[in-house]
Amino acid sequence: MSDNEKRQPSDDLDHASLVTVAKRNCEASASVIVSVLQDEGIRAVATGGYTAGFRAEAPGVVRVLTFESEAERAKQIIAEIEAEIKSSQNQASEEE
């Protein structure tokens, strides 16, 4: 039996890499992204929320992390969301 056949499902998580797919200035914005990604079946988490609320010379940032294997799809979904927001903002400003 090879090493790959001996591996347990949890072993894959032990060797998986997390990557940053988005950065936000507030925890609420990052949480929305995490929720959307999770709705799309992508495992995601936000980190750094505690430091993002500080007012200092080096403000914190909240990072949205996913597994490396899901990062490209996550980035595509985030880009689609941002494009929709920009489109909505442009339409609203044209109506004014």
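What follows draws every value from the coordinates through simple rules; no lab data is involved. Predicted model only: the values in this text are computed from it and were never measured. A quick note on method: Cβ atoms are made from the backbone with ideal geometry, for glycine too, and the neighbour counts reach across all protein chains shown.
What ratio of Cα Rg to 2.2 N^0.38 Å holds for region 17-95? Mind showing how you got there, number by number?
Working: Rg = 13.9 Å, N = 79, 2.2 N^0.38 = 11.6 Å.
That works out to 1.20 for region 17-95.
Multiply the residue separation of Val32 and Val45 by 0.36 nm, subtract the distance between their alpha-carbon atoms, and state the gained length in nm to one decimal.
3.6 nm
Given points 7 Å out from each Cα along the Cα-Cβ axis, report the Glu72 to Val19 separation in nanometres with one decimal.
It is 0.9 nm.
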